[in-house]
Each structure stands twice: as structure tokens, then as C-alpha cells.
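Please treat every number below as a calculation from the coordinates, not as lab data. Note that this is a predicted model, so its numbers are computed, not measured. Glycine also receives a Cβ, built like all others from the backbone with ideal geometry; neighbour counts cover every protein chain displayed.
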Amino acid sequence: MLTTAINHGVMVDVLTKTRHQRNIGIQEGKIVQISDRPLEAESVIDANGLTVSPGFIDVHSHVDGDNYAGILSVCQGITTTVGGNCGCSPVDLNAFFREQEEIGFPIHQAMLIGHQTSLRERAGAVDRYRPATKEQVEKMGILAEKALQDGACGVSFGLDYVPGSSLDEVMELARICERYGRICPVHTRLLTDKDMYSLYELFQVARETKVDILISHFVYQYCNGLVQEGLRMVEKARREGLRIQMDSGMYTNWTTYFDTATFDLANIQNNHWHWEQMVVATGKYKGQIMSEELYHHMKKEYPKEAIIFFEGEEQEVYDCLVKPYVMPSTDIGAYAKGEGHPQIAGTFPKYLKEMVRERKLLSLEKAVYKATWMPAQVFGFAQKGEISVGKDADLTLFDAEKICDKADYPHRGAPDARPEGIPYVFVDGVLTVKNGEYTGACSGKIIKK
Ligand SMILES: [Zn+2]
């Protein structure tokens, strides 16, 4: 007998981009039956009125084994997350994989090896404003190869956080990635927030190495009036045959840690940023708007907190996500309860609500495709991203008429408020969200390449 049947739901077929009423049978973590007739099983879910989608794949996260970030992910329909982004990953990926497999996790995790924390610093290049030496670059290459052999799905860069890193470093690591058939997600280097050279740098890497590049959280990099121009540049590069895709979220206001190069006084001054554009996301001053006094006080006493930076036009979010080479992503990080940025709980429901239901910029099928099958192809997750017999039973059931985000910025509401309209999520065939609540299941696996 089947373990679970999901009956009467409307299943999204991402391959044909169509929807049909189907009944789905699950056994031992796999989809084993898709039928026109309702199925019998030990446990039966009545999905009448619900859309049955492959579980969402979040291509840009910093979940990295943080349990609460895993729970917030699955509650917004994500069943697989790609961590280790922006050049920051656990230093020893092998140890991380072992630990996660032992303790279990709410969702599946694939990992990138981070240029900054796991290669550069380990090779001895600890000054973020100075290029690595030739010997250090060689050592970074050896460490990168080891991580790719251990199962990392690529090398991530956060060039913004290591302004001193040389193009040689990036080229060398990109070349290794290409040799292993892996991807390079890049949080681009922004010398000022009008910096378009950062894109040319990537095109040069893509041209010389032929590597697959994923530009991370594009709107966070180029809002502030540059999104249209950035998109035109990327499209020209793609026409040239460069292998460039991107991910982007549902917000223009981004967040990062106070002690990064981004919030160095010189960078704030170079960009002519105002204090009122910054809101503290975590810790003692959560929800407070920045001032000069608070800035200097926090730099001294609380440099580890996260700050949200407000800029950009909402329209840029839609202009970006409607493009066929862009996938939705959260940029979710690990925060304490009640802290952080609304992207941690709201991204995917907001995406379906705004892009599909409210603005009709994407059909439901197309939107689901960009959140499931497309990322599975880009990262080579052969068992994920579609509902077919034999594939992993990662499934997200949502109400297309009701799905919506409830999360808000910390000076206005709760950044981790759960969304509405996602009653059931299955991870590896295990019911991990039931009636919108996390069940405590930890059936997520490590995905090694
Ligand atoms: Zn980033």
C-alpha cells in the first residue's frame, strides 16, 4: 500500500507548462504513481482546491544548517536550498555534510564553497583590501578542488565583501569550476552603487573560462535605477553566448552584516548614503533607524548585527523576475526569532501573489517552472524540480487564490511571520508542513554533486 496519497489536487506539469487534476502516490520518499483516479494510502491528503507544485528550490540562501532558517524556508514552500553563497560557507564542507546527515534537517541542502571564508582566508589572504599572492591563489585552487570533489556544487563569490580580490583569483577558481562542470554564483563587486564595471568583470570571466555564472540577487546589486541598464548588458552578453543566468528576490531593500566592507564609513560616504536608509535588523537595537551616533556606537559595541538598507524602486523587482533567465531566490540568513529581513519568510509566497495573481506578469505554470525545474537544471539536481514517477517526493501544496506573505520589516512588523495559503509541504515524502505549521520533521538530505 502507498504511504501517502495526495488526491484531487491540480498538479503543475513544469515540462509542458500545463495544469491538470491528478492524484499522486508516494512511497519511500519517491513519487510512484500519478493517476486520474483517487488513490488509497495509509495517509490521504485531500488537495481539493490546491495547486500541487514540485517543492520550490531556493538557489540563493545562507541557511547553512541553521535550523530556524530551515523551518522558515519550508514554511514558504522551499524543499531544497543552496547555501554557502556570497563567498561565505562553512570552512570544512566535509565536516558540515557529516554533521547535517547525522542530525537531519527540515529541507534538502546543497552547498557552495565560499571564496572568502573557505578558500581565501584559509590560504592566508586575510586582508579584504589586498589581492592574494600567487602562492595564495594556488593554495585556494587546491582547496577549491578538494571541496568540489567532496560534493560542493560550485564556488561562490562575494566580491563586494573582499574589494581587494584580484581578477586573477576569480579567473583561477572559475577555471577550476568549469573543469568540474560546476557553477559560480557571484555577488558582484560594487565599488560604488553606480558600478557597472562589476558586470563587465563577470563577462570577462565567462568569456575566458566558459564557466556558468549565476549573478546573485540582481536587484539587490543594481536597484537604484540601474536594473534596466544591467539587464540590457546581461542580454547582450547572453546573445554573445556567455553562460550567464541570475537570481533575484521580491524586495529592493537588502540586508547584510554591519562589519562587512559595505558598511565601512568610506563606502557609505562614496555612495552618498543617508543614515535614514538603514534599519537595524537584529539585536539590542532591532527596528531602530540608523543615526550617526548609533552608527559609531554599534561599530564599537555591536559590529556583528545585521542592517537593512532601503533603496530602489519596486518596479525593478518585477522587471527583473519576468526575464526568462532569472530565478526567484530569498537570500535568507540565520537570525534569532523575530529578527531579520522579511525575505526570510515572505519571498516565495510574495512571488506567487504578486507576479502571478496580482500583476499577471507570469502564468502560474511559468512561475512554478522558474522556482522548480529551472533551478534543478541550472544546478543539475536530476531528482528534483518536477512531478514525475520516480522523482523525489518533494511537493508544495498551495492555494493559488490565497497564497500571500505576512512578513514585514523589523521597524514595522515581524520579519519571520509565516505566510498564508501553503497548507502542506512534503520533503522526501515526509509531511513537513501541515496546515501551515512546521511538523518537526527532519527528512532533508545533503545533496552532493
Ligand atoms: Zn550576497
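Charges were assigned to the Cβ only: +1 to each Lys and Arg, -1 to each Asp and Glu. The resulting dipole of the chain about its Cα centre is roughly 820 debye. Pairs of Cα atoms nearer than 8 Å and 6+ residues apart set the relative contact order; for the chain it is 22 percent. Panel values: the chain, Kirkwood radius from alpha carbon pairs, Stokes-Einstein at 37 °C and 0.692 mPa s, translational diffusion coefficient 149 µm²/s.
Here the 3J(HN,Hα) profile of region 75-80, calculated from phi with Karplus coefficients 6.51, -1.76 and 1.60 at θ = phi - 60°, is 5, 9, x, 7, 10, 9 Hz, Gly and Pro shown as x.
Residue by residue, region 394-410 carries 3J(HN,Hα) couplings of 9, 9, 10, 10, 9, 9, 4, 7, 10, 4, 7, 8, 10, 6, 9, 5, x Hz when phi is fed to the Karplus relation 6.51 cos²θ - 1.76 cosθ + 1.60 (θ = phi - 60°); x denotes Gly or Pro.
Given a Förster radius of 51 Å and the C-beta distance between Asn270 and Ser388 as r, what FRET efficiency does 1/(1 + (r/R0)^6) yield to the nearest 0.05?
Calculated value: 0.50.
Annotation: amide H of Val44 within the under-5 Å range of Ala5, sequence separation 5 or more or interchain, hydrogens built in the peptide plane.
Lys and Arg at +1, Asp and Glu at -1: add these up for the other residues within a Cβ distance under 15 Å of Tyr180 and post the number. With Lys, Arg at +1 and Asp, Glu at -1, the neighbours total +3. Among the listed pairs Lys350/Lys391; Lys384/Lys448; Lys17/Lys445; Lys194/Lys286, those whose Cα-Cα separation exceeds 18 Å are Lys350/Lys391; Lys17/Lys445; Lys194/Lys286. Of Pro303, Pro419, Pro131, the residue with the greatest mean-square motion in the GNM of the chain, using alpha carbon springs below 10 Å, is Pro303. Estimated translational diffusion coefficient (Stokes-Einstein, Kirkwood radius over Cα pairs, 10 °C, 1.306 mPa s) of region 256-310: 146 µm² per second. Once the chain from Glu240 to Asp36 is taken as fully extended at 0.36 nm per residue, the excess over their C-alpha distance is 68.9 nm.
Loop only per DSSP, at most 15 neighbouring Cβ atoms within 10 Å: give me the GluC sites (Glu not before Pro) in region 332-437, ordered by residue number.
In loop regions of region 332-437 (DSSP not H, G, I, E or B), the sparsely surrounded GluC sites (Glu not before Pro) are Glu401.
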